[in-house]
Amino acid sequence: MIILKSAHEIECIRKASKLTADTLSLLVEKAKPGITTLELDTIAEEYIRSHGGIPSCKGYYGFPATICTSINEEVVHGIPSAKRKLKNGDVLSIDLVASIDGYHGDSAVTIPIGHVKPDVMKLLKVTEESLFKGIEQVKVGNHIGAIGHAVQTYCEKHGYGVVRDFVGHGLGREMHEDPQIPNYGNPDHGPVMKPGMVLCIEPMITLGSYKVRVLGDDWTAVTIDGKPAAHFEHTVVVTENGPEILTMRDEPRLIK
């Protein structure tokens with residue numbers, strides 16, 4: 001069931017989304033060669049709690065950390081570790097959800113660590129651009145499928161794989177609500193967008209095959225061919241005037 005949010009609920013989600021965006025900005029600043037993903041996780045948890053929030057992912061179905069840190073061929077749900085030290089040439093995806101007063105905000109970015117190969121940088125750039133292509137389709141009366149169609153069309157035009165096994169979702173008091181938002185499909189399929197819907201749009205795009213598998217930790221999803229992946233996400237509310245991005249950071253685009 002899709003829950004349309006009231007103005008008060010949207011304001012609550014806006015607060016949580018601002019904390020999520022601010023935390024991501026801090027992590028982007030701290031993510032340099034030599035730091036471990038566990039150190040980034042500690043920074044995130046301390047920042048969220050010190051600003052009156054709760055790290056939503058920690059303990060969610062047993063997930064052990066505040067953030068998901070996925071490196072190179074890891075697509076999503078990588079677990080922070082003291083043994084995972086970032087190095088020059090890596091790409092790091094950070095996905096985090098923070099909550100305030102029972103409402104969540106959700107966002108993700110993929111960033112280069114030091115100098116990254118040009119083909120991988122292009123993957124990051126196109127994936128981030130595809131997120132905004134999808135957001136452009138957030139209009140009252142459009143079908144949810146229009147979002148994924150825009151993402152898929154843009155990314156496949158560049159020869160990239162569009163992951164099928166993980167999708168975007170609604171958000172509110174629950175971290176994952178209806179509707180599901182695939183990054184592929186038909187623009188005339190899915191529920192019709194209405195004011196008050198809150199959507200998490202999150203392209204997960206690969207340099208090779210769209211197929212993924214989950215590692216033995218039961219969380220980390222990796223590309224089946226070992227090629228790099230990228231993941232960007234925003235929390236967006238449907239309004240009569242189009243999309244409002246609730247997790248927008250001070251610097252809207254990370255990849256130039």
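Data table
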| read-out | value |
| --- | --- |
| Test: residue in the stretch 66-80 that is touching a strand residue (DSSP E or B) at 6+ places or on another chain (Cβ under 9 Å), buried (at least 23 other Cβ atoms within 10 Å of the Cβ), assigned to a helix (DSSP H, G or I) and hydroxyl-bearing (Ser, Thr, Tyr) | no |
| Any hit, the stretch 104-111, residues being assigned to a strand (DSSP E or B), in contact with a Gly (Cβ under 7 Å, 6 or more places away or on another chain) and of a type in the set (Val, Ile, Thr) | no |
| Filter result (crowded, with 16+ Cβ neighbours inside 10 Å and either assigned to a loop (DSSP other than H, G, I, E, B) or touching a strand residue (DSSP E or B) at 6+ places or on another chain (Cβ under 6 Å) (or both)) within the stretch 38-62 | ASP41, ALA44, GLU45, ILE48, GLY53, ILE54, SER56, CYS57, LYS58 |
| Options VAL222, VAL238, VAL212; residue that is under 16 Å from the mean Cα position of the chain (by Cα), at negative phi and not basic (Lys, Arg) | VAL222 |
| Subset of the stretch 224-256 (residues that are over 30 Å from HIS8 (Cβ atoms), surrounded by 23 or more Cβ atoms within 10 Å (Cβ to Cβ) and either of a type in the set (Gly, Ala, Ser) or touching a Gly at 6+ places or on another chain (Cβ under 6 Å) (or both)) | ALA229, ALA230 |
| Subset of the stretch 28-37 (residues that are surrounded by fewer than 23 Cβ atoms within 10 Å (Cβ to Cβ) and either hydroxyl-bearing (Ser, Thr, Tyr) or within 19 Å of the chain's Cα centre (by Cα) (or both)) | VAL28, GLU29, LYS30, ALA31, THR36 |
| Criterion violated by ASN186 - all others in (1) buried (at least 17 other Cβ atoms within 10 Å of the Cβ); (2) assigned to a loop (DSSP other than H, G, I, E, B) satisfied | (1) |
| Yes/no for ILE13 being in contact with a Lys or Arg (Cβ under 9 Å, 6 or more places away or on another chain) and not in a helix (DSSP H, G or I) | no |
| Residues located in the stretch 186-209, provided they are under 23 Å from ILE255 (Cα atoms) and more than 19 Å from the chain's Cα centre (by Cα) | GLY208, SER209 |
| Among the residues listed as SER81, SER99, the single one being closer than 27 Å to ILE10 by Cα and either free of Cβ contacts under 8 Å to residues at least 40 places away in the same chain or not hydrophobic (A, V, I, L, M, F, W, C) (or both) | SER99 |
| Members of the stretch 222-256 that are assigned to a loop (DSSP other than H, G, I, E, B), modelled with pLDDT of 95 or more and not aromatic (Phe, Trp, Tyr) | ILE224, ASP225, GLY226, LYS227, PRO228, GLU240, ASN241, LEU246, THR247, MET248 |
| Checking GLY114 against (1) assigned to a helix (DSSP H, G or I); (2) surrounded by fewer than 24 Cβ atoms within 10 Å (Cβ to Cβ); (3) not aromatic (Phe, Trp, Tyr), the condition it does not meet | (1) |
| Residue in the stretch 39-48 that is farther than 21 Å from GLY172 by Cα, out of contact with any helix residue (DSSP H, G or I) (no Cβ under 9 Å at 6 or more places or on another chain), modelled with pLDDT of 95 or more and of a type in the set (A, V, I, L, M, F, W, C) present | no |
| Test: residue in the stretch 152-163 that is among the aliphatic types (A, V, I, L, M) and either more than 16 Å from the chain's Cα centre (by Cα) or farther than 22 Å from THR220 by Cα (or both) | no |
| Scope the stretch 117-132; condition surrounded by fewer than 19 Cβ atoms within 10 Å (Cβ to Cβ) and farther than 18 Å from PRO33 by Cα; matching residues | PRO118, ASP119, LYS122, LYS125, GLU129 |
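The values are calculated or read from the model by the stated rules, or taken from the named source; none is laboratory data. Computed from a predicted structure; not experimentally measured. As a convention, Cβ positions derive from the backbone with ideal geometry for all residues, glycine included, and neighbour counts pool all protein chains shown.
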